[in-house]
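This report refers to the structure that appears directly beneath it.
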Amino acid sequence: MDLSYANIPAIHQHVKSGRLRPLASTGPKRSELMPEVPTMKEAGVDMEVVVWYGLLAPAATPPAIVSKLAELVARAAHAPDVRQRLLDQGAEPVGNTTGEFSRQLRAEVATWAEVVKISGAKADE
């Protein structure tokens, strides 16, 4: 039996065609794209990993510009045609605020820093 962890956008078409059978998703809730697939927690495994995409700007970018960009990206993500296109590609659009994204990014860095620390992984020099 072959097994793989993959993000939904990468495999969604293969699942729809029947070439792949998903066992569980790693997010905190079931995916809108595959609501019949349980989460890892529902399947009895205490694991939560979410693939996400975000836009970042250079640190010196004025806050007003960052806020305007965030507003426009969120509006685009929720536009019916863009939302549908993203869903068709296997992505679930969010379009959050700069504050929400900052909190998410800090939490992700902390989580993965702890994973690296526990694993003992070292960067190649």
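What tally of residues in the range 65-108 results from selecting those that are part of a helix (DSSP H, G or I), of a type outside the set (S, T, N, Q) and open to solvent by less than 80 Å² (accessible area, probe 1.4 Å)? Looking only at that region, the number is 16. Applying the condition of being hydrophobic (A, V, I, L, M, F, W, C) and within 30 Å of Lys68 (Cα to Cα) to the range 8-56 and asking which residue is farthest from the chain's Cα centre (by Cα) yields Leu56.
Screening Asn7 on (1) polar (S, T, N, Q); (2) open to solvent by 80 Å² or more (accessible area, probe 1.4 Å); (3) touching a residue at least 40 places away in the same chain (Cβ under 8 Å) shows it passes everything except condition (2). Candidates in the range 16-34 are the residues that are of a type outside the set (Gly, Ala, Ser) and either within 26 Å of Gln104 (Cα to Cα) or in contact with a Leu (Cβ under 6 Å, 6 or more places away or on another chain) (or both); of these, the one that is least open to solvent (accessible area, probe 1.4 Å) is Met34. Annotation: Val37 fulfils all but one of (1) open to solvent by 100 Å² or more (accessible area, probe 1.4 Å); (2) of a type in the set (A, V, I, L, M, F, W, C); (3) farther than 26 Å from Glu114 by Cα; the unmet one is (1).
The values are calculated or read from the model by the stated rules, or taken from the named source; none is laboratory data. Since this is a predicted model, take the numbers as computed values, not measurements. Methodologically, a virtual Cβ is constructed for each residue, glycine included, from the backbone with ideal geometry; neighbour enumeration extends over all protein chains shown. In case anyone asks, the SASA skips ligands and DNA or RNA and just uses the protein heavy atoms, side chains included. Shrake-Rupley method; radii C 1.70, N 1.55, O 1.52, S 1.80 Å.
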